[in-house]
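We did not get these values from a lab; they are worked out from the coordinates using the rules stated. Only a predicted model underlies this, so the values are computations on that prediction, with no experimental measurement involved. Don't worry about glycine lacking a Cβ; one is built from the backbone with ideal geometry, like all the others, and counts go over all protein chains shown.
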């Protein structure tokens with residue numbers, strides 16, 4: 001159960017559910033092929049998740065996943081900026097109507 005939560009993400013119910021599903025699928029697929037060393041795969045999975053994804057998959061998706069996926073797809077981060085003051089109609093209205 002610890003591996004399920006570590007893979008999915010600590011502190012979230014959906015993380016534990018996702019971790020359970022993923023580890024169960026991996027166990028089904030890998031234990032058929034490598035029944036003698038499945039526990040080594042499971043231990044390796046636990047070590048990789050703890051070192052590379054300390055918050056699990058859900059934590060990664062919440063915090064840094066979207067940015068890393070965007071970078072892999074070649075789309076840079078879009079910065080939200082304010083319009084230039086010279087082009088802002090509200091600023092121009094105030095300049096014309098409220099001059100000292």
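Side notes on the structure shown:
- Residues residue 92 and residue 61, FRET efficiency given R0 of 41 Å [Cβ-Cβ distance, rounded to 0.05]: 0.45
- Helix 13-33 and the long axis of the chain differ in direction by around 40°, with both axes built from C-alpha atoms.
- When each of 28, 12 is scored by the number of other beta-carbon atoms lying within 10 Å, the sequence from fewest to most is 28, 12.
- Per-residue Cβ neighbour counts within 10 Å put 51, 20 in the sequence 51, 20, beginning with the fewest.
- Ratio of the Cα radius of gyration of the stretch 2-73 to 2.2 N^0.38 Å, where N counts its residues: 1.18
- Proxy reagent accessibility, fewest Cβ within 10 Å first, across 73, 13: 73, 13
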